[in-house]
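One structure is given here, and the rest of the page talks about it.
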Amino acid sequence: MRSRLITVVGVAAASATLALGASACGGGSKSGGGDTVTIGFMGDLTGENSGLVIPPRQGAQLAIDQYNATNPKVKITLKTYDSQGKGEQAVPLAKQAITKDKIAGLIGPTFSGESAQADPVLEEGKLPNISSSATNASLATHGWKYWHRVIGNDNVQGQGIGGFIANSLKAKKVFIIHDSSEYGKPLAETVKAAVTQGGAQTAEDAIDPQGSDFSATVNKVKAFTPEAIFFGGYYAQGGKLIKQLREGGVKARFLSGDGSLDKGLAKGAGGTTADGSIIGCPCLIDPSGTASAASKKFAEDYKAKFHADPAVYSAEGYDAATAFIEAVKAGNTTPEKINDYLSKIDKPGVSKEIKFQSNGEPAAADVYVYQVKGDQLPLLGNAKNATVK
Amino acid sequence: MKATTLNNLFSQFWPYTIDGLSLGAIYALVALGYTMVYGVLRLINFAHSEIFMIGTFGALGTLHLFGMPSNVGGFALVALVLALAVAGGIASGGSAVILEYVAYRPLRRNNASRLAALISAIGASLFLQQLFARLVIPQAFGLPKEKGALPVQGHFVHHTNVIHIGGFELSNDRLIVIVGAVLMMVALDMFVNRTKLGRGIRATAQDPETAVLMGVNIDRIVTATFALGGAMAGVAAALYMLRFEETRFDVGFLLGIKAFTAAVLGGIGNLRGALVGGIVLGLIEMYGSAVFGSEWQNVVAFSVLVLVLMFRPTGILGESLQQARA
């Protein structure tokens, strides 16, 4: 995902009382269901990108409410930390969660930028954390033991989309465009490598995200006459790019990554100009529940509770919370024990199998493709086997 | 690699040229405002980019007044663009006059240094940007406050190719931009060189003190200069909206820098220099992108600026406003 936006952190926090109580009584349960474990959720809950964070928070809330409704021995409460998506706010909140609130686990931080700053604090504080949306590939390279995510990183995404272009679209000439950003450029390069491996010929160009005139890029695309165009970047530029490409008479299929997975893409292109464009994302947004039975049930439960369709990262937020719930169910209530459990967990989730590699990456990460229709982005299917109608 | 990129330029020579001309025409119109104010006051009006921004919103507001038409083409489009140009011109010209009255005139009255006026210009630029991002855009378009920094769109043009000869294609919006900009510049040039007010502007640029002795009302001349320069930016804003159909609070920032560059490239203070500088800059950007890749567009443009200034420090045409005579 976009580096700024990306991480949903699940925080499982064991409440101070529980942690103290557990250690005092050697983990023995007290009388009659009075125990609770606190799990935290950290992300941009009120800022300008909160649209990407409220859905996973609701997903996590749904999972925890469903668990508590089963009347378990140890209940879970969700405590939210509003980092505004900013590292400088996420760091003190992480410290507060560890030393003052003594939570047992954290869902989040949600964006990659704040994760890069707050995750070392969580690692030092030995607090297990699961992000539902931080996709920057480098987060997994620090050897962190307490860090996990339930979403595929940008490399996984690039390979998924590149494979889709080569295998499903069978494009032989692909034009690659990126916005020179930390997110867009590596994503575009991974897609380029994947389609080249699939036997396609490529050409590439970069746009200036501050600029409004992409006509030089359009002319290059025209000269190359590609069958497909991949854009690594955010929807604000993506929409304008589609508009200017179509005005210039380019009819090749337009594809992009999760940075463009927003209604703003179609709006920027205007009317139905963006129709047929395909957006890949390692996230599962499936309001009609076509992906699986679990996804269907999740969509129904989510709608019943929040009176809204599951949105971006809701399923991942649910899965991150489920990981902590399973840990608590198995009798783990301290951060250390929960983290041990997470290294072995293997449970079915909504978006994917909940199972982590030793570096914290999800064991299986699927990339899903969405096709623009009007201002909607209905799910087309898994990038591995989806076909374009 | 190089051979293919050069090939790229030659096979798409006309599209690059047309795009360069239409981009350059907008630069040139905005550059006029920088050049006129510099000619008369020796001041770089850094808030001119925000005057342009206000023009785009003037045009967008007019589109809303017409009930946000869509897919306009043919003569209806020409008429609509005329209306947008008038609206943009009034919005930009009016705000330029107010800007001068609020931000520059008090300084001039007190004989403040040019540096003080420059700081005032930068301050006015930031003030106007933030005013639009935080207050005007959310209020005017009924958006939540934090969305004020996002682009505002108004799709209304039916884009078609009006001329199509072999590999040469010209779309309706580019044609209107180029023709409209050239007409405005010819009109302004005639105004400055043929009318009484224009003579006053030239006289003030040449020697303000003597101009006062000859009965020229300097304040009136300065107001007229800002109004004319602002109106040109407003027309540029209408043409920009026609071409890109989108604006936002900082739309003027990059464009303003480019237009200022165009003014310097052509010879600041020189009206025809603004036209030459704008067109040359637009073409260089497009050809540079074709050969080196679009990410090098700005690098190529500014390298050429540095080279030109090394050998011709006063810009391509070099002369200043006071010497430009009919």
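A few remarks follow.
- As a summary of the residue check, residue B:197 satisfies the conditions (1) away from every other protein chain (no Cβ under 14 Å); (2) within 17 Å of residue B:28 (Cβ to Cβ); (3) in a helix (DSSP H, G or I); (4) not charged (D, E, K, R) except for the one numbered (2).
Listed here are the residues, each with its yes/no results for (1) more than 8 Å from chain B (Cβ to nearest Cβ); (2) of a type in the set (Asp, Glu); (3) more than 22 Å from the chain's Cα centre (by Cα); (4) surrounded by 24 or more Cβ atoms within 10 Å (Cβ to Cβ).
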residue: A:175; (1), (2), (3), (4): yes, no, yes, yes
residue: A:184; (1), (2), (3), (4): yes, no, no, yes
residue: A:238; (1), (2), (3), (4): yes, no, no, yes
residue: A:252; (1), (2), (3), (4): yes, no, yes, no
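- For segment A:208-236, filtered to residues that are of a type in the set (A, V, I, L, M, F, W, C) and without any contact (Cβ under 8 Å) to a residue 12 or more places away in the chain, the residue that is farthest from the other protein chains (Cβ to nearest Cβ) is A:223.
- Applying the criterion of being polar (S, T, N, Q) and exposed (fewer than 15 other Cβ atoms within 10 Å of the Cβ) to the residues of segment B:91-124, the residue that is nearest to the chain's Cα centre (by Cα) is B:113.
- If only residues of segment B:173-194 that are farther than 30 Å from residue B:221 by Cβ and crowded, with 21+ Cβ neighbours inside 10 Å are counted, the one that is farthest from the other protein chains (Cβ to nearest Cβ) is B:176.
- Filtered residue count, segment A:224-234, keeping only those that are surrounded by fewer than 24 Cβ atoms within 10 Å (Cβ to Cβ) and aromatic (Phe, Trp, Tyr): 1
- Any hit, segment B:43-57, residues being surrounded by fewer than 21 Cβ atoms within 10 Å (Cβ to Cβ) and either within 14 Å of another protein chain (Cβ to nearest Cβ) or in a helix (DSSP H, G or I) (or both): no
- Close pairs from segment A:252-278: first touching a residue at least 40 places away in the same chain (Cβ under 8 Å) and farther than 16 Å from residue A:184 by Cβ, partner surrounded by fewer than 24 Cβ atoms within 10 Å (Cβ to Cβ) and among the acidic types (Asp, Glu), Cβ under 6 Å, at least 6 apart: A:252/A:227; A:263/A:375; A:266/A:375
- One residue from A:363, A:320 being surrounded by 19 or more Cβ atoms within 10 Å (Cβ to Cβ), aliphatic (A, V, I, L, M) and under 19 Å from the mean Cα position of the chain (by Cα): A:320
- Residue A:257 buried (at least 24 other Cβ atoms within 10 Å of the Cβ) and modelled with pLDDT under 90: no
- For segment B:141-182, the set of residues classified as assigned to a strand (DSSP E or B) and closer than 25 Å to residue B:10 by Cβ consists of B:161, B:162, B:163, B:164, B:165, B:168, B:169, B:170, B:171, listed by residue number.
- Within segment A:357-379, the set of residues being within 20 Å of residue A:135 (Cβ to Cβ) and outside any loop (DSSP other than H, G, I, E, B) comprises A:362, A:368, A:369, A:370, A:379.
- Test: residue in segment A:201-224 that is part of a loop (DSSP other than H, G, I, E, B) and within 26 Å of residue A:382 (Cβ to Cβ): no
- Pairing each residue of segment B:265-287 that is within 14 Å of residue B:312 (Cα to Cα) and among the hydrophobic types (A, V, I, L, M, F, W, C) with any residue that is surrounded by fewer than 24 Cβ atoms within 10 Å (Cβ to Cβ) and at pLDDT below 90, provided the two are 6+ apart or on different chains, yields C-beta distances under 7 Å for B:265/B:305; B:265/B:308; B:265/B:316.
- Residue within segment B:125-138 that is in a helix (DSSP H, G or I), of a type in the set (Lys, Arg) and without any contact (Cβ under 8 Å) to a residue 24 or more places away in the chain present: yes
- Within segment A:188-207, the residues that satisfy the criterion of being over 26 Å from the mean Cα position of the chain (by Cα) and within 14 Å of chain B (Cβ to nearest Cβ) are A:201, A:202, A:203, A:204, A:205.
- Of all residues in segment B:60-79 being without any contact (Cβ under 8 Å) to a residue 24 or more places away in the chain and within 18 Å of residue B:234 (Cβ to Cβ), the one that is nearest to the other protein chains (Cβ to nearest Cβ): B:66
- Condition check for residue B:56 on (1) of a type in the set (S, T, N, Q); (2) in contact with a strand residue (DSSP E or B) (Cβ under 7 Å, 6 or more places away or on another chain); (3) over 27 Å from residue B:286 (Cα atoms): one failure, at (3).
- Residues that are within 25 Å of residue B:173 (Cα to Cα) and assigned to a strand (DSSP E or B) within segment A:230-256 comprise A:253, A:254, listed in sequence order.
- Residue match in segment A:288-311 (condition: acidic (Asp, Glu) and part of a helix (DSSP H, G or I)): yes
- Within segment A:73-100, tally of residues that are surrounded by fewer than 15 Cβ atoms within 10 Å (Cβ to Cβ) and part of a loop (DSSP other than H, G, I, E, B): 2
- Scanning segment B:1-16 for residues that are hydrophobic (A, V, I, L, M, F, W, C) and either at pLDDT below 70 or not in a helix (DSSP H, G or I) (or both) turns up B:1, B:3.
- Qualifying residue in segment A:159-178 (condition: at pLDDT below 95, in contact with a strand residue (DSSP E or B) (Cβ under 9 Å, 6 or more places away or on another chain) and at positive phi): no
- Applying the criterion of being in a helix (DSSP H, G or I) and among the aromatic types (Phe, Trp, Tyr) to the residues of segment B:235-283, the residue that is farthest from the other protein chains (Cβ to nearest Cβ) is B:260.
- Any hit, segment B:125-136, residues being in contact with a strand residue (DSSP E or B) (Cβ under 7 Å, 6 or more places away or on another chain), within 14 Å of chain A (Cβ to nearest Cβ), among the hydrophobic types (A, V, I, L, M, F, W, C) and surrounded by 13 or more Cβ atoms within 10 Å (Cβ to Cβ): no
- When residue A:48 is tested against (1) surrounded by fewer than 17 Cβ atoms within 10 Å (Cβ to Cβ); (2) modelled with pLDDT under 95; (3) away from chain B (no Cβ under 14 Å), exactly one condition is not met: (3).
- Evaluating residue A:294 against the criteria (1) surrounded by 14 or more Cβ atoms within 10 Å (Cβ to Cβ); (2) within 17 Å of the chain's Cα centre (by Cα); (3) not assigned by TED's automatic domain parsing to the domain that holds residue A:44 leaves one unmet condition, (2).
- Residue B:34 vs. criteria away from chain A (no Cβ under 14 Å), crowded, with 24+ Cβ neighbours inside 10 Å and either in a helix (DSSP H, G or I) or in contact with a Pro (Cβ under 7 Å, 6 or more places away or on another chain) (or both): yes
The values are calculated or read from the model by the stated rules, or taken from the named source; none is laboratory data. Keep in mind it's a predicted model, so treat the numbers as computed, not measured. Reconstructed Cβ throughout: ideal geometry from the backbone, glycine too, with neighbour counts over all protein chains shown.
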